[in-house]
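The values are calculated or read from the model by the stated rules, or taken from the named source; none is laboratory data. Small disclaimer: the values here were computed from a predicted structure and weren't measured. Here Cβ is always computed from backbone atoms with ideal geometry, including for glycine, and neighbour counts include all displayed protein chains. Side chains are part of the model used for accessible areas, which takes the heavy atoms of the whole protein and leaves out ligands, DNA and RNA. Shrake-Rupley method; radii C 1.70, N 1.55, O 1.52, S 1.80 Å.
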Amino acid sequence: MKRYSQEKETVLSELRSHADNGLSVAEAEKRLAENGKNKLEEGKKKSIIRRFFEQLTDPMIIILIVAALIGGVLAVIDKDFPTDVIIILAVVLLNAILGVLQESKAEKAIEALQKMSAATSKVIRDGKLTVVHSEDLVVGDIVLLEAGDAVPADARVLESASLQVEEAALTGESVPVNKITEAIAPKDGAKDVTLGDRKNMVYMGSTVVYGRGVVVVTATGMDTEMGKIAGALSQAQEGKTPLQRKLSQLSKILTWLVLGICIVVFGIKLFANDFATDAIMDSFMVAISLAVAAIPEGLAAVVTVVLSIGVTNMSKRNAIIRKLTAVETLGCAQIICSDKTGTLTQNKMTVVKHYGEDEKRIATGMALCSDAEVDEKGDVTGEPTEAALVAWAYKLELPKYDLKQTYPRAAELPFDSNRKMMTTLHPTENGFVQYTKGAPDVVLDRCSYCLKDGKCVPMTEQIKAEILQANKDMADSALRVLACAERAWETLPENPDSDSVETEMCFTGLCGMIDPVRPEVKVAIEQCREAGIRPIMITGDHVDTAVAIAKELGILTGNAQAITGAQLNELSDEEFEKVFQNISVYARVQPEHKTRIVNAWKKYGFVTAMTGDGVNDAPSIKSADIGVGMGITGTDVTKNVADMVLADDNFATIVGAVEEGRRIYDNIRKAIQFLLASNMSEVIAIFVATLMGFTILHPVHLLWINLVTDTFPALALGTEKAEKDVMKRKPRDSKAGVFADGMGVDVIYQGLLVAVLVLFSFFVGHYIQTGNWHIGESTHGTTMAFLTLAMAEIFHSLNMRSQRKSLFTMKKQNKLLWLAALGSFVLSIAVCAIKPVAVIFEFEPIGWKELGLAILIGFAVVPIVEIVKCIQRAADKKRAKKSFI
């Protein structure tokens, strides 16, 4: 129903409610039971079981599970204990549990954040004023609103005592709306009245900033305007983050690689044994060995843990991460689309300039001619514009509570939008003084005098021109300008009205105010620029104000342009795609405009972030690669769809998130390179050994290397501090593969290097045991190969602290990495030295000389990689020099 078009008596009648008595408690309970709670629907949460099984859908994990099950069946047939199978399944189970725990932790954080919202309302039931939970409101409830209240549901205004409501969260309009009680009809043959023009309605998600009112609830929960937007969010599609795409790509590559190699090796083994039945088990176990060798079992766990470390770090910096990969995505963001009000600015009007010879006299008049109040602590309540005036006077040591005692209000002419002025009269020692504030052009037309040298002198055309020029200068700086005038009276005017008192006044001055930028935002935007990130302002405010703020912050620079939502409407998609990259400021926009802007950047491959706090930001926040909501001023709808929520509503916190995201991605790449090089060395070693007719390592040996020797150092690499130039680089290309920037070449040569060292160690061990170089099975050789592989991986983890920098030039030490390396070193030696364990692993005791030799062969990976890094650095410098020329 279009309640705004009905008279208030009709609305009450149809809703079966009463303005004075409201609903009865029984009727309210009945309606609540029938229609449900007054809250927005939450998306259905995934069950623990579903989350657990989703962790098992990765192709690499599926291969391990299938291999383990088949291996288990064959072990049962051969009446062997399936040790390898149990270990594989235990690894898979542990990884899945870890993933579920991290998801649950992130959800609990956002749930705690949502409890920050107020949730009570003042209603009349059974003729009595009572306070109820806002979620228990029903259609027909009579609700009392006053300054500072959040509107709990959509409602029709019944009474308005200068009621003003800020609806920026819904409409993007930062100026409060004056509410009326009369019915509103569509104009000029229109079928409907736009949301922003329904001045006899209030909506969930808005805030009362001035006056008071009585309203009757017309819609609750998902039936509200906010609810409709929340429902529309389901239409916005969520895409995968860059990291998810890279890991999916990696999983597919490894899946086909593993399957191909396993089939080839299985066939070779069977062929070599003339397809004998008893060779099937041996051949399959070799294939499983290859599967275990090729699949980095610890990779998923390492990525999850490194990301969760990032979540912890971000929470310490006032950012709540709802999705683990959100940190990484923000780290490669190229565009940040931000709302202005409350995000880039303080959402707090402030007087920043005045015109007139007596600032304190102007401030006194402005403060007394307003309804905002200030307490002794300096906290101001009231309509934003008047609050700014009272705060200005307070800073000039003119607190309103003192002014009111000296000059109590004797009469007033309230502000109305037709005359654009407000007047108050106050007693003085010589009679009464009148203060009038309002729009400069209107007030100036009513002034016959001007304050000069402490006296009111006749207004001249020259003086008037000077005042108008000062007004223009302030307006051109996007300041909201008000004029102040006064008039002396011997006695209080009887029945004062505008025509009788708002004339023959003495102009005292102008003041200009603006919603100031957050002081830390300018620095944050400069850092974004240095990091190659382009900030875009998208706001519902006027274009002049938006441009002024954007220039002050450094958002609007060079040839960048600013356009309005109306101009955007005139552009077709094809036309918009030609010009959107030159536009840095969008003003007077609607929610659909924001989504269109975000999608345009995404279409051309830019990783886009969207920040905001209002309901109108929610669809674009969900459409963006990463949505950033505000924890304090943000609506529940926005926080629910955001990937990251700023607990302090500080845009500058995003810079910290960008740095953390880049650090995390760098460290994940280091871990991936380290783990894949290790797995490649295992695959090469096993493949070569199979072709040569001997077994170099068993599945249980490979699992130990992958899960103990490799995983702990890989996790420690995830804690590596950010490199100095991390915020000086351009954002990486989201389309770049996992092996970009030479990482693929590094994985190949490092894997080949370690494989050669391991094979060499096996041959040395075999020679020590047999005294000859004839190829064959050798437990001594296997033990030496295992130790060398473990040592090579431990030493290689130190190489991986930087892809190109020398290990010996890095001043800061990673203590966790040294601890992990030491732990892996001790455990790997213990496996071979402790007899009961060595028996399980089928190792043979070796002497100290052989142990030292295995360690030395493994250490060779450090100097060789250092030499290659030196060559790579020289090549990079040469390429950079050519590029510069």
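Remarks
- Filtering region 581-599 to residues that are modelled with pLDDT of 90 or more, in a helix (DSSP H, G or I) and open to solvent by less than 10 Å² (accessible area, probe 1.4 Å) leaves I597, V598.
- Every condition in (1) of a type outside the set (F, W, Y); (2) modelled with pLDDT under 85; (3) more than 30 Å from the chain's Cα centre (by Cα) holds for S174 except the one numbered (3).
- Residue count, region 839-854 (criterion: closer than 20 Å to V758 by Cβ, assigned to a helix (DSSP H, G or I) and either aromatic (F, W, Y) or over 50 Å from the mean Cα position of the chain (by Cα) (or both)): 5
- Residues in region 731-747 that are more than 26 Å from the chain's Cα centre (by Cα) and assigned to a loop (DSSP other than H, G, I, E, B): 4 in all.
- Qualifying residue in region 431-446 (condition: open to solvent by less than 70 Å² (accessible area, probe 1.4 Å), over 23 Å from M513 (Cβ atoms) and in contact with a Cys (Cβ under 9 Å, 6 or more places away or on another chain)): no
- For region 384-420, the set of residues classified as of a type outside the set (S, T, N, Q), at pLDDT below 90, outside any helix (DSSP H, G or I) and closer than 24 Å to D515 by Cα consists of F415, D416, K420, listed by residue number.
- For region 141-171, filtering for residues that are open to solvent by 50 Å² or more (accessible area, probe 1.4 Å), of a type in the set (D, E, K, R) and modelled with pLDDT under 85 leaves 1.
- Exclusive hit being in contact with an Asp or Glu (Cβ under 6 Å, 6 or more places away or on another chain) and within 20 Å of K353 (Cβ to Cβ), set A483, A478: A478
- With respect to the conditions (1) modelled with pLDDT under 90; (2) in a helix (DSSP H, G or I); (3) closer than 20 Å to I668 by Cβ, S797 falls short on a single one, namely (1).
- Some residue of region 170-184 being aliphatic (A, V, I, L, M) and under 17 Å from M226 (Cα atoms): yes
- Taking region 623-708 and the helices (runs of 4 or more DSSP H) fully enclosed by it, the elements with 3 or more residues that are charged (D, E, K, R) and on the phi < 0 side of the Ramachandran plot are at 653-692.
Residue-wise test of (1) open to solvent by less than 50 Å² (accessible area, probe 1.4 Å); (2) free of Cβ contacts under 8 Å to residues at least 40 places away in the same chain.
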site	(1), (2)
E494	no, yes
M505	yes, no
T508	yes, no
P516	yes, no
Q527	no, no
T539	yes, no
G565	yes, yes
S572	yes, yes
E575	no, yes
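- Residue check: K815 meets all listed conditions (1) surrounded by fewer than 17 Cβ atoms within 10 Å (Cβ to Cβ); (2) under 28 Å from L759 (Cβ atoms) but one, namely (2).
- Here I871 passes the criteria (1) more than 40 Å from the chain's Cα centre (by Cα); (2) of a type outside the set (K, R); (3) within 30 Å of H766 (Cβ to Cβ) except the one numbered (3).
- In region 855-871, the residues that are in contact with a Phe, Trp or Tyr (Cβ under 9 Å, 6 or more places away or on another chain), more than 12 Å from S806 (Cβ to Cβ) and surrounded by fewer than 18 Cβ atoms within 10 Å (Cβ to Cβ): F859
- Total residues in region 194-223, condition among the hydroxyl-bearing types (S, T, Y) and at pLDDT below 90: 4
- In region 842-854 there is no residue that is touching an Asp or Glu at 6+ places or on another chain (Cβ under 8 Å) and surrounded by fewer than 16 Cβ atoms within 10 Å (Cβ to Cβ).
- Single residue of region 718-746 satisfying the filter (at pLDDT below 80 and open to solvent by less than 40 Å² (accessible area, probe 1.4 Å)) that is farthest from Q872 (Cα to Cα): S734
- V754 being open to solvent by 50 Å² or more (accessible area, probe 1.4 Å), assigned to a helix (DSSP H, G or I) and over 21 Å from E842 (Cα atoms): no
- Selection of region 541-555 for residues being under 19 Å from N582 (Cβ atoms) and either of a type in the set (K, R) or surrounded by fewer than 21 Cβ atoms within 10 Å (Cβ to Cβ) (or both) yields V543, V547, K551, G554.
- Tally, over region 439-461, of residues that are in a helix (DSSP H, G or I) and within 54 Å of the chain's Cα centre (by Cα): 6
- All positions within region 1-48 that are part of a loop (DSSP other than H, G, I, E, B), in contact with an Asp or Glu (Cβ under 7 Å, 6 or more places away or on another chain) and under 10 Å from V138 (Cβ atoms): K37, N38
- Filter pass, V826 being surrounded by fewer than 15 Cβ atoms within 10 Å (Cβ to Cβ), at pLDDT below 90 and β-branched (V, I, T): no
- Considering only residues in region 65-87 that are modelled with pLDDT of 70 or more and not small (G, A, S), the one that is least open to solvent (accessible area, probe 1.4 Å) turns out to be V85.
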